[in-house]
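What follows draws every value from the coordinates through simple rules; no lab data is involved. Note that this is a predicted model, so its numbers are computed, not measured. Glycine gets a Cβ as well: all are built from the backbone with ideal geometry, and neighbour counts include every protein chain shown.
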């Protein structure tokens, strides 16, 4: 009986060793896919951080730029003549990849736009603006390298704060009127596009 037991043990051992080698050979394929998934997740997280800071109003003043700068390849806040006020945003879960460059689409639910010289204009209900962000590896770090739309996209709350600050600092009457009108319109507008 001991010979039979020994044969069975050797057979089981051979099966286990063979299975382990086969499984190890198969691990290379999923690991490559896993690396790609990790890189995609990192790219999406980078764009999400940028959008969150922008939503909180970081691009509206010089003090907030220091939080945004490490996420982008440009060194200063891009000039803008208009601000897109949003209710919310969603970042696509799967970035597109081509030649080491990733493209991430962000869907902004617009409330309105504030033109620095003309004032605030409400958007039609449920207006959506899609913006693509390009992400590249710059000196070993992922950074947003380009955007279809470089306008700020703050929340209603961040925009109300900015308008109040501008109104308090305004010296000329036309600017005060423009800020007051914008505040009135934005305060009357629901923060959610789904509110009635």
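Results, tabulated for the structure shown:
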{"item": "Cα gyration tensor category, rounded, prolate or oblate, for the range 41-188 with a/c compared to 1.5", "result": "prolate"}
{"item": "Percentage relative contact order, the range 41-188, counting C-alpha pairs under 8 Å, at least six apart", "result": "26"}
{"item": "Ranked 108, 55, criterion: other C-beta atoms within 10 Å, fewest first", "result": "55, 108"}
{"item": "Neighbour-count order for 142, 110, fewest beta carbons within 10 angstrom listed first", "result": "142, 110"}
